[in-house]
Structures are given as C-alpha cells and as structure tokens.
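First up is the structure itself, then whatever we jot down about it.
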Amino acid sequence: MKSLFTIVFLLIIQIFSAQEEVYANGIFNFEENKAQKIFTDWTRVRQEPNINSTIQDSLQTNQQILILKKEEKVLQLGERSANWYKISYQKGDKTSEGYVWGGNLAIGYRNKNGYDFLFGLTKTVDRKDKQFNQNVRQNVASIKVVEGNKLIDEVSFDTGSGESLNFGSFTIESNHKLKNVEFTLKAAVSGEACGVAGYDQYVLFKDKKLIALPQLMNVGDADVYYHTEEFIFPNDKGGIPNAFIFKMEEMEKDENDKEKKKSASKTYLWNGNSYQLK
C-alpha cells in the first residue's frame, strides 16, 4: 500500500510539473506593427507557430521584417524563452508571411556610418562556478556589425541566466575620448526581482573591428546589499587620458543593521588599438 501511495504521489508531481507555465523573457517582447530585424543567421520561417511546423523559408541576419502579431505560444530553449511571432518580409519584389521564434530576433539594432549593429542572444551554455563548484546555465549574447548582408565582425559575452533577461537596451555612445575609437556600443540586460544581476557590456568600434571591454555587473537586494561596477572614461569626471578606470563598490548590512562597505579600482591602459591592465 505504501508503494502505491508513493507511485500516485510521483504521478501527481509529474502532472503538475508538466502543467507549469513557461513565460517569455521580457527582452523578447516585440510590438505589433513595428519593424524588427533578424539576428540569428538563417532563421527558419514556419507555416505555423511551433517547432514541428513546415519550414517555408529562412532569413539571414539583418533582414528587416514587420511584426504582425504576437502569438500566445511560448518556446523555451535553454535559458531563453520567447513567444512566436507572425511576420511579413520582403525578398526582391515578393512579400511573404510566416512565423518565427522571438529568440531569433534582435534585442536592439542601430545604424551608424553605413554599418548596421545588432544585439541579440545566441545560445545557453554551462559555466563552472568556482565558488560553489557546480555548473550554472548562462546565456551567451553577441553584437554583430553588418554591411548589407555581409557580417564584418562579431563579439560574444555572457548575460547571466533567464532571470536577467527582463529588460534590455542597446545604445551608441561617443568614443569617450579614447584614441582611434570611432564610437562605443553599450548592450545591457537586467532582471526585475531583487538579487538578480544585471550586466553592462561596452564594445569599442574601430577600423571595422569590435573590441569588447571587461563586463560590468550590478546587483542589489533592497537596502540590505548592493554591488555596483562602472567605468570612468577619459571624458568623465576623474578620467585620465588614454585609459579607462574600473570602479567597484559594495555594501552589506550586518545583523545589527550596520553598513559595511568596500571598494576597489583598477586602471586599463589604451594604446589606440588594444587595452591592458596597468
């Protein structure tokens, strides 16, 4: 009898687990009737919004599309969860419609000096957490620079787990007075809940090349704890020529509600082509 109860209990757990709803990451929430771009090269266009549907076409990176409708169905691959979208697109003189998975679309895209820059997610991988001696799942993102439909360069970087994919942004900034740099790209993702890390990735653009700087991480838990990281560039207050300064500050309250703070900094030298730790 005890074995029977155990079997029934396990079946109930399996049923509830199967019914657990999957929610899309906020960064893959795209507006209807708005233009968007394909990020993943040779993204499959399907007849219906599911992974088993017939493939009717494939689209290259930087292909512009129009979002017609966001479907309710969500597909999770690794730590990435996104809705399916009904889209329309043009190839030559022909306009077609179909369905694509939102995780294959660009989180953000920009155009400058004749180049298109796209920010998106590429995959989920296992990374070794040395502190806890275990594997953790991490999403990998990248920034691509494209001229027409030709990929010029690409850099990749981690963006944490799915919890850190609630908000995303992609902007172009000045060269921050770094020698020979045309301008700077900044990609960012962050979560909604307390204690979920956000990540800022600065990338320099020069001579058709993308140069990723060390990644910045910020996290906080109400007024109990915070950890912040930032760069001080030459054009910032306190900046120095031909270098950028990494600054970290951390605060944690003890059992007596007393704040304990610590900070650190290090300087990276920039020679016009690359950087190195001073």
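None of the figures in this text is laboratory data; all of them are computed from the coordinates on show. If you're wondering where the values come from, they're calculated on a predicted model, not measured in any experiment. Using ideal geometry, Cβ is built from the backbone for each residue, glycine included, and neighbour counts are taken over all protein chains shown.
Scanning the stretch 168-195 for residues that are of a type in the set (A, V, I, L, M, F, W, C) and under 24 Å from I232 (Cα atoms) turns up F170, I172, L178, V181, F183, L185, A187, A188, V189. For the stretch 160-205, the set of residues classified as in a strand (DSSP E or B), under 21 Å from N113 (Cα atoms) and free of Cβ contacts under 8 Å to residues at least 40 places away in the same chain consists of E173, T184, K186, Y202, L204, listed by residue number.
If you go through the stretch 229-266 and keep only what is over 20 Å from L185 (Cα atoms), surrounded by 13 or more Cβ atoms within 10 Å (Cβ to Cβ) and not acidic (D, E), you end up with I240, M248, M251, K253.
In the stretch 92-110, of all residues being charged (D, E, K, R) and free of Cβ contacts under 8 Å to residues at least 12 places away in the same chain, the one that is surrounded by the most Cβ atoms within 10 Å (Cβ to Cβ) corresponds to K94. The single residue among N113, N135, N139 that is surrounded by fewer than 16 Cβ atoms within 10 Å (Cβ to Cβ) and touching a residue at least 24 places away in the same chain (Cβ under 8 Å) turns out to be N113.
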